[in-house]
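Trainee: Quick one: this structure, given as C-alpha cells, is what I'll be asking you about.
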Amino acid sequence: MSRTFLGTPAFPEAARAALADPQLRRNLAHATGTIRGKRAAVVAELEETGEWEQLRLAGAAIKDQTLHHLDEHLVRLEESLVAAGAVVHWARDAEEACAVVASIAHRHGLDEVVKIKSMATAEIGLNEALAAEGIAAWETDLAELIVQLGDDLPSHILVPAIHRNRAEIREIFLREMAGAGRPAPDDLTDEPARLAEAARLHLREKFLRAGMAVSGANFAVAETGTLVVVESEGNGRMCLTLPEVLVSVVGIEKVVPTWADLDAFLQLLPRSSTGERMNPYTSTWTGVTPGDGPQEVHVVLLDNGRTRALADEVGRQALRCIRCSACLNVCPVYERTGGHAYGSVYPGPIGAILTPLMRGVGTDEQVDSLPYASSLCGACYEVCPVLIDIPSVLVDQRAQVVDARRGHVSHVGESAAMKGAAWAFGSASRLAGAERLAGLAGKFLGRRRVDPGGRGVVSRLLGPGGAWSEARDLPAPPRESFRAWWRRTNGADT
Amino acid sequence: MVTCVNDAMFPDVGKATLTLLRRLGVDVEFPTAQTCCAQPMVNTGYLDEAVPVVRTFVDAFEGYDHVVTPSGSCAGSCRHQHSIVARRSGDAGLQRAVAEVSPRVSELSEFLVDVLGVEDVGAHYPHRVTYHPTCHSLRMLGVGDRPTRLLRAVKGLDLVELPAAEQCCGFGGTFAVKNADTSVAMGSDKARHVRETGADVLVAGDSSCLMHVGGLLSRQRAGVRVVHLAEVLASTEASAREVAS
C-alpha cells in the first residue's frame, strides 16, 4: 500500500466527490444494511434479558477505571510481559514505533513480514515506513489484501474494502496478484468462495516462508501479560504461530487489568462488529512459549496522541473504543459518503472524534472539519458497546474548534452570523424586529409558486442560503410571526 | 415555548399547539420574552454566544409548572445542553436557574401522554399520513411510540409505516448548509421513502426537519404536504368545515 490519506480535502469537499459515485453509494448501502441487520438480530437476543445493557455498563466501567489509572496498569503490563519473555518497547509517536519494527526486521536480515489486520499499524503508516526501509509488509486479512493489491485506501475499520463489490474484487485479483506472488487463476469468477480460495492460495506461500509477523492486539491483559487478537478468517492465527519472530504494536488504551475483564469484551465485540455471537478465532499469547510458536516476541506500546485524548475531559471516553465499527454501520453520513472522506484510517462517527482528539484542533482544516461531519442524530451512541456519547463529544470538539479559530479569517463569516443571531436571540424585541424584516421580504419572495399546502415557496436564496436552496425549496416567511399575532390578538381567536 | 423556527417561519404550529392544549383544559401562556433555546449556537460550537440566549430562556420560563414545546430537538437542547452552557458561563446563578427550569421542559407528545394522560385528543384528520420520528425525539428524549399512539387515535387518519423511519432525514441544524451535499443525499433518501408510502401528508414533531424534507419534496413536485404533529392533533371536524367554507 503506497497511498496515504495525506492531502484529503476538508470533509464537505471530500464528501461531495464520494456522493457523486453511484457504485459506491450502492455498495455502501448494501453492505452497511446487511451488517446492521445482523448486529440488530444478535444484540436483540441479549436486550430481551437486559443482559446487553449490563454488558455495556461493565465494558464502559472497566475501560474508565483502567484509563483513570493508566500509568499503573501499563507498568504492570510491562512487568508481566517481560516476566513471560517478551521484549517491551515504548513509542511516543508513529515514527518511533515504525523505527522499532524496522530495526527488528533488519536485525534478522528480513526483507518481508506478514501482517495481521491491525488499526494501530495502519494508523502509524507502518507498511509505508517499512517499504522505505526495503521491507515488504504483506497484509493477510482478506479485505486488507484487497485494499493493498488495489493500491487503495481502507474505508472501514472492520471491513476496509467495504466500498468494493465482488466484481471489482475479481478484477483486482486478476490484475494484481501476479505482481505480488502467486497469480489468481485465469478462470476466477466473482463467487465469494472462488475469491476466498484465490486469496488463500496466494497467502499460503507467504505464511509458510515468513520469518516475522506484525500484529496489533484487541486487548492486553496487565496481570498476565497476555495479548489477545479477535478475528474471523484464521489468517491471524497463522501469523501468530508460524513465524519465529512476532512484533505487536499495541495502543496504550488497549490494556485491561485482569483476565476476567475479557469476559464482557469478548461478548460485546463480536455481536457489535460482525453481528456474530462469537467470532471464529480468538488467539491469546503470553510472551514466549519455548518450542511452540514465535521464539522472539516484541510488544510496542504506542501513544501517538492517546495521552492527548486522555487529557480531554469530555473526549477521553473515546479511548474506551474497542474498534467494533457498529457506529460506522448505523451512521447515515458514513453510509452515504463512505470512509475515505474522513481522511483517516478511523472513519465514521468514532473517527470524527478520535482524529481531532489524537491530533488536536486549530491547525488543520481537514481535522477541524471532522466534528462537523455529523447531523448529531445519535444513532452511533445508541449502538456503542462501551457507551461512548459520540454526539456530546462532537459538540464539545466543535466548541474547541471555534475557540481555537476565534478571530481566524476562515471563521469570520460564520462567527459574525452567530454573533448576530446571539444578539437577536438575546432579546425578544430585537427578535421581533428581525421577524418583521423577514415578513416584509416574504411579501416579495415566494410569489411564483405555492407548495401543496398552498404556501408560497422560495426556490433561490442568495449568499450562504444558496447552499440550502440549491436542492431544497424554502417556504416564504409568513407575513405575521407567531409573536406578532400573539401581540395583536393576545392569543385569542385560535 | 413556541421555538424560534415556528415563531418566525411556522406560526400555525404555535397556534395549533395553543388550540390543542386549551381544548384539553390546560392554562397556557406565551411568555413574550422567549426567543430561542440556543441550540444553533451550541451545536455549531459557539458556546459563549449561547450564554445570553440561555439566560433569556430561563428568565422567560422561570416559575411555570411545565414548559411545553412542539419540538423534540428544542426540548432535547434544553434538557441536555443548557447545563453545559451554564457551566461555561461560570455564573452560579445561571447554573441554578438552568437546573430549576430545564428539567421542566417537555416535548408535546410527552406532555400529552405522560402529564395529561391522554392519547385520544379528539382530533379529526381524514388523510393518508406517514410519520417520521425525528432523531432528537427518538434518541435524545426517548419519546418512543407516544406520537404514533396519538396519531392512531385521530379519527379518519390512515397511518402508513415509513420505511427506514428511524434513519436521520439529514437536517442537522447548520449541518444542512455546512455539509449541504451530504444533508441533501440523506434527505433525498428520506423523501424517496416518503413517496414510496403513497401518503399525502408527512407528519413529524419538528418543524426544522419538516422544512428540510418538505423543501426537497416541494422541489421534486412530489405532491406531498408536510404537517407538524401539533397541527394534526389540533384539527377537528369543526375546524375542517371552517377551512372548507
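Trainee: Can you find even one residue in region A:283-293 that is crowded, with 19+ Cβ neighbours inside 10 Å and charged (D, E, K, R)?
Mentor: No, there is no match, as no residue in region A:283-293 is crowded, with 19+ Cβ neighbours inside 10 Å and charged (D, E, K, R).
Trainee: Against the conditions (1) facing another protein chain (nearest Cβ under 8 Å); (2) surrounded by fewer than 22 Cβ atoms within 10 Å (Cβ to Cβ); (3) aromatic (Phe, Trp, Tyr), where does B:Phe10 fall short? Just the number, please.
Mentor: (2)
Trainee: Shifting gears a bit: Residues of region B:218-230 being assigned to a helix (DSSP H, G or I), within 8 Å of another protein chain (Cβ to nearest Cβ) and out of contact with any Lys or Arg (no Cβ under 7 Å at 6 or more places or on another chain), which ones?
Mentor: Taking region B:218-230 first, the residues assigned to a helix (DSSP H, G or I) are B:218-219, B:229-230.
Next cut, within 8 Å of another protein chain (Cβ to nearest Cβ) only: B:218-219.
Within region B:218-230, just B:Ser218 meets the criteria.
Trainee: Among the listed residues B:Gly198, B:Gly156, B:Gly205, B:Gly172, identify the single one that is more than 7 Å from every other protein chain (Cβ to nearest Cβ) and crowded, with 19+ Cβ neighbours inside 10 Å. Give the steps one after another, and end with the answer.
Mentor: Working: B:Gly198 fails: crowded, with 19+ Cβ neighbours inside 10 Å; B:Gly156 fails: crowded, with 19+ Cβ neighbours inside 10 Å; B:Gly172 fails: more than 7 Å from every other protein chain (Cβ to nearest Cβ).
None of the others qualify; the one that does is B:Gly205.
Trainee: Still on this structure, I have one more. Just name the residue that is nearest to B:Tyr46 (Cα to Cα) out of those in region A:442-459 that are assigned to a helix (DSSP H, G or I) and either within 7 Å of chain B (Cβ to nearest Cβ) or in contact (Cβ under 8 Å) with a residue 24 or more places away in the chain (or both).
Mentor: Here is the first cut: in region A:442-459, the residues assigned to a helix (DSSP H, G or I) are A:442-444.
So of that shortlist, the ones also either within 7 Å of chain B (Cβ to nearest Cβ) or in contact (Cβ under 8 Å) with a residue 24 or more places away in the chain (or both) come out as A:442-443.
Working: A:Gly442: 29, A:Lys443: 32 Å.
Looking at residues that are assigned to a helix (DSSP H, G or I) and either within 7 Å of chain B (Cβ to nearest Cβ) or in contact (Cβ under 8 Å) with a residue 24 or more places away in the chain (or both), I get A:Gly442.
Trainee: How many of the residues making up region A:169-190 are acidic (Asp, Glu) and in contact (Cβ under 8 Å) with a residue 24 or more places away in the chain?
Mentor: Count: 2.
Trainee: Can you pull out the residues in region A:145-171 that are surrounded by fewer than 22 Cβ atoms within 10 Å (Cβ to Cβ) and touching a helix residue (DSSP H, G or I) at 6+ places or on another chain (Cβ under 9 Å)?
Mentor: A:Gly150, A:Asp151, A:Asp152, A:Leu153, A:Leu158, A:Asn165, A:Arg166, A:Glu168, A:Arg170
Trainee: From the set of residues in region A:311-327 that are of a type outside the set (D, E, K, R) and more than 18 Å from the chain's Cα centre (by Cα), which is nearest to A:Gly85 (Cα to Cα)?
Mentor: So the residue we want is A:Ala311.
Trainee: Considering each of A:Thr34, A:Thr66 in turn, give the residue that is among the hydroxyl-bearing types (Ser, Thr, Tyr), in the same structural domain as A:Leu262 (by TED's automatic domain parsing) and without any contact (Cβ under 8 Å) to a residue 12 or more places away in the chain.
Mentor: Only one candidate passes the filter, namely A:Thr34.
Trainee: Of the conditions (1) more than 8 Å from chain A (Cβ to nearest Cβ); (2) over 18 Å from the mean Cα position of the chain (by Cα); (3) of a type in the set (A, V, I, L, M, F, W, C); (4) part of a loop (DSSP other than H, G, I, E, B), B:Cys37 fails just one. Which one is it?
Mentor: (2)
Trainee: Also, quick follow-up: Before we move on, is B:Val28 facing another protein chain (nearest Cβ under 7 Å) and either over 30 Å from A:Ala404 (Cβ atoms) or more than 18 Å from the chain's Cα centre (by Cα) (or both)?
Mentor: no
Trainee: Report those helices (runs of 4 or more DSSP H) wholly inside region A:349-441 carrying at least 1 residues which are modelled with pLDDT of 95 or more.
Mentor: Here the list reads A:365-369, A:379-383, A:390-405.
Trainee: OK, next. Of everything in region A:335-359, what is in contact with a Cys (Cβ under 8 Å, 6 or more places away or on another chain) and within 14 Å of chain B (Cβ to nearest Cβ)? Give them in sequence order. Even if it seems obvious, please write down each step before you answer.
Mentor: Filtering region A:335-359 down to residues in contact with a Cys (Cβ under 8 Å, 6 or more places away or on another chain) leaves A:348-350, A:354.
Scanning region A:335-359 gives A:Gly348, A:Pro349.
Quick grid of which residues meet (1) modelled with pLDDT of 95 or more; (2) closer than 30 Å to A:Glu13 by Cβ; (3) in contact with a helix residue (DSSP H, G or I) (Cβ under 8 Å, 6 or more places away or on another chain):
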| residue | (1), (2), (3) |
| --- | --- |
| A:Pro290 | yes, no, no |
| A:Pro294 | yes, no, yes |
| A:Arg306 | yes, yes, yes |
| A:Gly315 | yes, yes, yes |
| A:Ser325 | yes, yes, yes |
| A:Asn329 | yes, yes, yes |
| A:Pro332 | yes, yes, yes |
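The values are calculated or read from the model by the stated rules, or taken from the named source; none is laboratory data. In this text the structure is predicted, and so the values were computed from the model without any measurement. No Cβ is skipped: glycine too gets one built from the backbone with ideal geometry, and neighbour counts run over all protein chains shown.
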